[in-house]
């Protein structure tokens, strides 16, 4: 918009009641910001692309952290202890040990898995079937899955694990609690990293919007000076930049959600294979449906804030003295 046209728009918006002037001012500011963004599509698209990637990174990290916490909760519901017997132990020995363990007061249930069952389960996982077929013998041992009695304290379970490790014929004892404790530690660390990462990337998004608004203000400095001289208010001059920042933020938020959804779609097949490998006990979480609306709205607010900070500083430098 040239200088006379802007001055005419200012005069045209000056009549009527306060509410009508306010509505007309917002309508003009919104339309003007859209026209300015469309006049420089590459710059607008680049700004939204940079902000979109900046916002997508914490979303992806939050998605991974949520699934890690879900895995930890899944392991928390499964207190079983897996006992791997030595390869040379027979079926009679394995069944005898299962009977002995079942008689212990601290054991609720013992499930015996043969090497043949283990081979079939492993062959169901992609990539292992051909490898197992090439082996002359079945290398898998007998496995006893011990379910501790409900209500046992942590020290009692540790005592049971130590007893199982010391039994004759035991090659290895795998306790789910150890893995769950490690996952919980990683989850706590990931939560703090997510806060720091989100803060840094939010700051970067503010700087991106602020840089875009600053460049536009400098490019139109003469026009802004004319508006100030004909009596345009600070809110009137600043309004198009606030709308532009909101539109850029909203577009970047939509782009961030689309990137995360594309990542979920790309990982759909590997996730299904992983779920099957764990016997269907793991439920991986996707992006909540509410994020489809919350993220673009928050991104629009972030763009508005970045434009507000940048315009307040740079427009003040163009005010007539």
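Observations, loosely collected:
- FRET E, pair residue 114, residue 297, Förster distance 51 Å, beta-carbon r, rounded to 0.05: 0.35
- Potential lengthening between residue 27 and residue 149 on full extension [0.36 nm per residue; Cα-Cα distance subtracted]: 37.0 nm
- Point-to-point label distance, residue 290-residue 168, nm (Cα→Cβ direction, 7 Å offset): 6.0 nm
- R0 of 30 Å, Cβ-Cβ distance residue 214-residue 258: FRET efficiency to nearest 0.05: 0.60
Quick note: the coordinates plus some simple rules give every number you see, no bench work behind them. In this text the structure is predicted, and so the values were computed from the model without any measurement. Note that each Cβ is placed from the backbone with ideal geometry, even for glycine, and that neighbours are counted across all protein chains shown.
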